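Inspection log for the structure reproduced underneath, given as structure tokens.
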Amino acid sequence: MSLEDIPLTLIDGTPTTLGAYRGQVKLIVNVASRCGLTPQYSALEELQRTYAVRGFTVLGFPSNQFMQEMGSAESIATFCSTTYGVTFPMFEKVKVNGRSQHPLYAELTKTADASGKAGRVEWNFEKFLIAPDGTIERFRPRTVPDDPAIVSRIEALLSH
């Protein structure tokens with residue numbers, strides 16, 4: 001099964017896959033509402049607003065694996081829209097590590113970061129940049145969404 005075929009569920013319960021975003025540059029991020037890194041939502045939304053018209057989207061995957069996410073899908077969706085004005089697609093809560101790891105993250109975590117380390121998601125706001133050809137680049141949580149390393153890669157992928 002390809003990455004694009006893995007079943008996903010939007011935060012409102014609608015079933016989908018990454019195939020719905022075929023041909024786009026995608027930034028997949030495991031998010032949390034009660035984390036010190038939660039303000040990264042602002043930069044994620046700015047990327048969305050800046051590059052969406054050129055074929056880019058942020059995809060937010062709430063996770064409570066680090067015990068910093070709200071309970072219900074509705075409370076997460078409300079928090080994201082009212083606090084950060086999130087317009088990018090948000091998905092149901094997933095497990096990013098461990099035995100119940102979501103199949104999407106089972107695939108994504110095979111990708112090594114810039115230092116060559118693959119494996120477990122370290123914390124909330126780990127980022128996976130997926131090119132239209134399926135190539136994946138991994139950025140650890142403390143790399144902010146508007147870091148030049150991420151922005152330059154998005155721009156390079158969108159210029160093809």
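The values are calculated or read from the model by the stated rules, or taken from the named source; none is laboratory data. Here the structure is a predicted model, which is why all the values come from computation and not from measurement. Here the Cβ positions follow ideal geometry from the backbone for every residue, glycine too, while neighbour counts run over all protein chains shown.
Side notes on the structure shown:
- Hits in segment 1-31 (condition: surrounded by fewer than 19 Cβ atoms within 10 Å (Cβ to Cβ), of a type in the set (Val, Ile, Thr) and outside any loop (DSSP other than H, G, I, E, B)): THR9, THR16
- Near pairs, Cβ below 9 angstrom, 6+ apart or cross-chain, from segment 89-101 (closer than 15 Å to GLU122 by Cα) to any residue that is charged (D, E, K, R) and surrounded by fewer than 19 Cβ atoms within 10 Å (Cβ to Cβ): VAL96/ARG120; ASN97/ARG120; GLY98/ARG120; GLN101/LYS95
- Condition check for LEU59: more than 20 Å from LEU37 (Cα to Cα), at pLDDT 95 or above and among the hydrophobic types (A, V, I, L, M, F, W, C): no
- Looking across THR83, THR87, THR78, one residue alone is of a type outside the set (A, V, I, L, M) and either in a strand (DSSP E or B) or at pLDDT 95 or above (or both). It is THR87.
- Per-region count, segment 32-51, residues touching a residue at least 12 places away in the same chain (Cβ under 8 Å) and in a helix (DSSP H, G or I): 11
- The selection criterion, being assigned to a helix (DSSP H, G or I) and surrounded by 14 or more Cβ atoms within 10 Å (Cβ to Cβ), holds for LEU104.
- Long-range neighbours under 7 Å by Cβ, at least six apart or interchain, first residue farther than 22 Å from PRO62 by Cα and without any contact (Cβ under 8 Å) to a residue 40 or more places away in the chain within segment 135-160, second in a loop (DSSP other than H, G, I, E, B) and not aromatic (Phe, Trp, Tyr): ALA149/THR143
- Among (1) free of Cβ contacts under 8 Å to residues at least 12 places away in the same chain; (2) farther than 29 Å from MET1 by Cα, the one test that TYR84 misses: (1)
- Of the residues VAL144, VAL94, VAL151, VAL121, the single one that is within 21 Å of ALA20 (Cβ to Cβ) and either of a type in the set (Val, Ile, Thr) or surrounded by 17 or more Cβ atoms within 10 Å (Cβ to Cβ) (or both) is VAL94.
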